[in-house]
Amino acid sequence: MILIEALNVKHYIKGRLLLEVDQLQIHKQDRIGLVGRNGSGKTTLLNVLADILSPDEGKVTRYADCELLPQLKITDTTKSGGEVTQVYINEVFVKNPEVLFADEPTTNLDTEHIEWLEKKLNLWQGAYVIVSHDRAFLDAICTMIWEVNEGHVNVYKGNYSDYLKQKEMDLHQKKAAYEKYELKKKQLEQALKLKEKKADKATKAPKKVSRSEAKITGAKPYFAKKQKKLQQTAKAMETRLEKLEKVEKIKETPSLKMNLPHEDTFKNRIILRVHDVSGIILERVLWNKTSFHVRGGDKLAIVGPNGSGKTTFIKKIIKQDEGITMSPSMKIGYFSQNLTIVDVKKSILENVKSTSKQDETFIRTVLARLHFYRDDVYKTVGVLSGGERVKVALAKLFLSDINTLILDEPTNYLDIEAASALESLFKEYEGTIIFISHDRRLIENISTRILTIRNKEFELFEGTYKEHKHSQHQQDRDTNQDERLVVETKLSEVLSRLSIEPSESLEKEFQTLLEEKRKLDTAD
């Protein structure tokens, strides 16, 4: 059942064609993730489909009611960003539209509330189209991906990981096509050279034939005729070579090897000690005393609910507050969302070079990995979008003369492609990374240790995010089993009493315990 259909839609921004959609359909219970680079037109497409914006050409037909949850700008200073987002989400769900459009609904939500939203969406019966830069979120909720690329919308079946596999397959096919093209081109070029060489020799009479014999037998005309035929064959080959459809070579991502300061004296050695450090702000206890250490090369993810004190903690590290000891070999670079480390009046390249000891070729390689190509590097930072400025700040930090990165939500405001590129840089980085993030895919692919702030306590897990989640799940199961055993024991007692002396209060207690057991069975 079609709920919304867009046909021959075109939309322009300042005379530039932003969107060109031949046909798009939204069916009942579609779960669609909308992806694409910043500025590609995702928000515009949502607004066009939701009837907030009229297309310049074409038609959008709606057979169902729809609601749009826009990108939220927090104006209520009495509530956190996460609290405001939750209110908006709940209000939209109460309206219960047949089609929901949502633009970055996980913004300002911590991991716990992102998972809460995933559950709500998976249980919801309506269709939805959701713009998100959260790869794990798209994996959990989507059965289809729309990719906006150069104005067109490409449709892929499956979740975000399935989409990536299909893109990878496309890449392999393009590589194979290029190799086939190169082989065919080489064969034709070699055959052409051979024919031209033979044609050049064809006018010469054989060595064993005398001039008088050649004159009598007509050898010269024969070889001239042979030369002409060879030249015609060579010309045909040249035409085939010219008509050979050109296939562009796929750009390979160069690997990176950076020279880090004090590399020999900090790798795998304790570089940071935290001893009896507590978090207290205006008599409010964020966390109780905690102690642990960090080694050179660790990738430490700091996770926890909004307001638990994650940013407060890394600021204590930066300031080297009481109880925090650093090795002299530790050289820190700090990234925060206010982007104070970039000069908006200077170019991208000037910003990065100002604090880097790397050569320009290496700097350009890193910038290209973040999609700043060729003359892009000469753009003034002041003309860049918010997401692009974040990339410049991260590139500047990454290439500075440091060996420890401390990052507060580094993938905020980055599109998926940029977040993936940053992730690949972090994977190759041999220094230490201490980072706060709600981006579960980034945590999963980068971290080697997990520091969780929960219930005013620090919990340090030695291992990856996947291992951490598995451990948590096992703990939850063990707790669930303990609770179920208690409930089953109580049920037996109440049943025994009911059989001897039935009463309304005992029956009510029995039904309550039965409901508790059902919930525990479902949770398991």
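The values are calculated or read from the model by the stated rules, or taken from the named source; none is laboratory data. Fair warning: this is a prediction, and the values are worked out from it, not measured in the lab. Don't worry about glycine lacking a Cβ; one is built from the backbone with ideal geometry, like all the others, and counts go over all protein chains shown. With ligands, DNA and RNA removed, areas are computed over all heavy atoms of the protein, side chains included. Shrake-Rupley method; radii C 1.70, N 1.55, O 1.52, S 1.80 Å.
Once Rg/Rh (Cα atoms, Kirkwood Rh) is worked out from the coordinates, which option in (i) 0.94; (ii) 0.96; (iii) 1.15 does it equal?
(iii)
Suppose accessible area is computed on protein heavy atoms with a 1.4 Å probe; arrange D521, D56, D139 from highest to lowest.
The ordering from most to least exposed comes out as D56, D521, D139.
Could you state the number of Å between the C-alpha centres of segment 1-34 and segment 394-432?
Here the answer is 34 Å between Cα centres.
Counting only protein heavy atoms, what percent of the accessible surface of the chain is carbon or sulfur at a 1.4 Å probe?
Values: 14770 of 29760 Å².
Carbon plus sulfur share of accessible area: 50 percent.
R449: net charge of surrounding residues, Cβ under 10 Å, Lys/Arg +1, Asp/Glu -1, itself excluded? If you can, show how the numbers build up before the last one.
Numbers: positive: R295, K299; negative: D298, E462.
With Lys, Arg at +1 and Asp, Glu at -1, the neighbours total 0.
What number comes out for accessible area per residue over the chain if the probe is 1.4 Å? Units Å², please.
Details: 29760 Å² over 524 residues.
Heavy-atom accessible area per residue stands at 57 Å².
Could you work out the Kirkwood radius for segment 118-187, taking every pair of different alpha carbons, averaging 1/r and inverting it, reported in Å?
14.4
Using θ = phi - 60° and the Karplus curve 6.51 cos²θ - 1.76 cosθ + 1.60, what whole-Hz ³J(HN,Hα) does each residue of segment 340-353 get, with Gly and Pro shown as x?
Coupling constants for segment 340-353: 6, 7, 9, 9, 5, 8, 9, 6, 4, 5, 4, 4, 6, 5 Hz.
Rounded to the nearest 0.05, what FRET efficiency do L244 and V87 have when you use their Cβ-Cβ distance and R0 = 56 Å?
0.40
What's the local net charge at L405, with K and R +1, D and E -1, over the other residues with C-beta under 14 Å away?
Here the count lands on -3.
Of the peptides 369-379, 299-309, how do they stack up when ordered by the mean number of other Cβ atoms within 10 Å, highest first?
Ranked by mean Cβ neighbours within 10 Å, highest first: 299-309, 369-379.
Using the Cβ atoms and a cut-off under 13 Å, what net charge is assigned to the surroundings of T312, where Lys and Arg are +1 and Asp and Glu are -1?
+4
Report, in deg cm²/dmol and to the nearest 500, the calculated mean residue ellipticity at 222 nm for the chain, where each DSSP H run with n ≥ 4 adds -39500 (n - 2.57) and the sum is divided by the residue count.
Calculated at 222 nm, the ellipticity per residue is -14500 deg cm²/dmol.
Determine the relative contact order of segment 273-422: mean sequence separation of Cα pairs under 8 Å and six or more apart, normalised by residue count, in whole percent.
With pairs under 8 Å counted, the relative contact order is 25 percent.
For q values of 0.19 Å⁻¹, compute log₁₀ I(q)/I(0) with the Debye formula on a Cα-only model of segment 15-159, without solvent.
For segment 15-159 at q = 0.19 Å⁻¹, log10 I(q)/I(0) is -1.21.
At 7 Å along the Cα-to-beta-carbon direction for both E515 and M1, put a label point, then send me their distance in nm to one decimal.
With each label point 7 Å from Cα toward Cβ, the separation is 3.2 nm.
For the chain, what does the relative contact order come out to in percent, with C-alpha contacts under 8 Å and a separation of six or more?
12
Distance check, please: which entries in K28/K167; K174/K246; K267/K289 exceed 19 angstrom between their Cα atoms?
Details: K28/K167 26 Å; K174/K246 12 Å; K267/K289 27 Å.
Over 19 Å apart, Cα to Cα: K28/K167; K267/K289.
Mind giving me the nanometre distance, one decimal, between the label points for D264 and K315, set 7 Å out from Cα along Cα→Cβ?
4.0
Quick check for you: which residues of segment 295-326 have the amide N under 19 Å from the point 7 Å beyond the Cα of S471 toward its beta carbon?
The answer is 295-305, whose backbone nitrogens lie closer than 19 Å to the label point.
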